[in-house]
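Report on one structure; see the data block that follows.
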Amino acid sequence: MADVQVPGHVRKADLISALPDDLLLQVLGRLPLTAAAARTSLLSRRWRGLWTRLPNITFRDVALDRLGWALASLRDAALGPGVPFLDIAFDSLQAAAGVSLLDDGLQKRVLAGLPSLLHAAAGLSPVEFHLALPRRLDGADVELPRFHRATSIHLHALNLRLTLPPSTGGFPKLETLSLSGYCVDLAALVRHCPCLRVLRVTKASLGADINIRSESLQELFLRTNETRRWIDSINVEAPKLKRLTLLFGTDTGARLSVSIMTPLLEKASWWCLYATKSTGLAPWGLSMVRLYPAESLGAGEDTWSSQLSNVNVLSLEMKARGPFHAQLNFQQQIEKHLVADFSILELTMVYDDYWGSQSHGFGP
C-alpha cells in the first residue's frame, strides 16, 4: 500500500487491487481452498467474482447449501466450456449439513442433497472430478450423472450404491476411473466408458460375478470388499490390458471360476483369500493363494509383476482347525488361479489357537 495525499488526511492506495487479473488469479490460486479465495470478494468490487475464474476448484467441508450457491456462481461466470479441475470432499455428515451436532435425520438430509450436488458438478463440465463423501452415508442409491468432458473421475464413499440413469449417454472421454467404497454394476459402468484406460476399484461390493469387457482398458486394479461378498467368478476380456492386480475373497472355492483374456498382459499380481478352508492336507486347509514374481521377494506389494502364464512364485497359506472341506481336488483348485508354471513354491502352515479371530480382513 502506498500513501496517497488527500486534503485533510492520508489514504492508503490499494496497489494489489491495481494489478492485472492474471496476477490476481495467481495470488488466489496460491490459497489452499477455493472457499478462502471466494471470501476475497468482500475486500472490494475489484475482487468480486474473480475467484470463479480459477482453473482449479477445491472445496473442503462446505455445507451443501453454500456449496450449491458456489457451484451456481461458477456456472454463471463460466467463460469457457468448463472447469479443468473440481475437487469436493466432506470429512463428516455435520460438515456436509452445516451443523455442529449429529442427529438421527442428518443422514437423510445429506442424502437428499447429493443429487443436486452431483448435477451441479456435472454442469460445470470438469475435465477432472474428485468427490469424497462422509463415512456415515450407508446403503443408499447415488445416481452418477453424465460428465461429458471428464477424462478422470475419482469417487470415494462407504457402501453407497452407484447407479447410472437410463439415458446417461455414457462418459465419452473418460480415461481414468477410481472408485472406493461403492456397490456398483461394474460391467454396466465400463460399457459406458468407451475410452477407459485405467480402472481402479477398492473396498467395493461388486456382486458374486465380476465381468469386465473393454477394448480400451490398459490397467486394472480390483480389490473387493471381502467382508461383505464372496466372489464366485471373474471374467476379464481386455485385448489392450498390460497391468492387472486382483485382490478378492471366495468361499470354499468350489464355485470359483476365473477367465482372463488379455494377450498383451505384461505385469500381474493376484491375491485370493478363502473364507472357509478347503482343499489341502487335513487338518490344514487352503486359506490363501498369492502369485507374484521372484524378483519382488522381500519387496512391497506395489512391485509385484509377472507374466500371468509364467508366474515365478506361488505362495500358499494353509490353516489348521475350524471348518474344513476336503472334497475339492487340490490341483484343480490351484489351476483355477491360472497358474501355468512357477519356479518357487512358498508354503505357510498356520495353526489357529482360536478359530474365529479375523485373518486378512475376513471373519470366521
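Brief remarks follow.
- Every residue from region 191-224 that is part of a loop (DSSP other than H, G, I, E, B) and surrounded by fewer than 20 Cβ atoms within 10 Å (Cβ to Cβ): His192, Pro194, Cys195, Arg197, Gly207, Ala208, Glu215, Ser216, Gln218
- Within region 235-264, being within 23 Å of the chain's Cα centre (by Cα) and of a type in the set (A, V, I, L, M) holds for Val236, Ala238, Leu241, Leu244, Leu246, Leu247, Ile260.
- Selection count, region 229-271, where residues are open to solvent by 30 Å² or more (accessible area, probe 1.4 Å), farther than 19 Å from Asp209 by Cα and assigned to a strand (DSSP E or B): 2
- A single member of Ala97, Ala37 is surrounded by 15 or more Cβ atoms within 10 Å (Cβ to Cβ) and modelled with pLDDT of 85 or more, and it is Ala97.
- Number of residues in region 112-138 that are open to solvent by 40 Å² or more (accessible area, probe 1.4 Å) and closer than 27 Å to Leu101 by Cα: the value is 7.
- Residue in region 220-229 that is of a type in the set (A, V, I, L, M) and more than 17 Å from Thr245 (Cα to Cα) present: no
The values are calculated or read from the model by the stated rules, or taken from the named source; none is laboratory data. Values in this document were obtained by computation on a predicted structure and should not be read as measured data. Backbone-built Cβ (ideal geometry, glycine too); neighbour counts: all protein chains shown. The accessibility values were calculated without ligands, DNA or RNA, using every heavy atom of the protein model including side chains. Shrake-Rupley method; radii C 1.70, N 1.55, O 1.52, S 1.80 Å.
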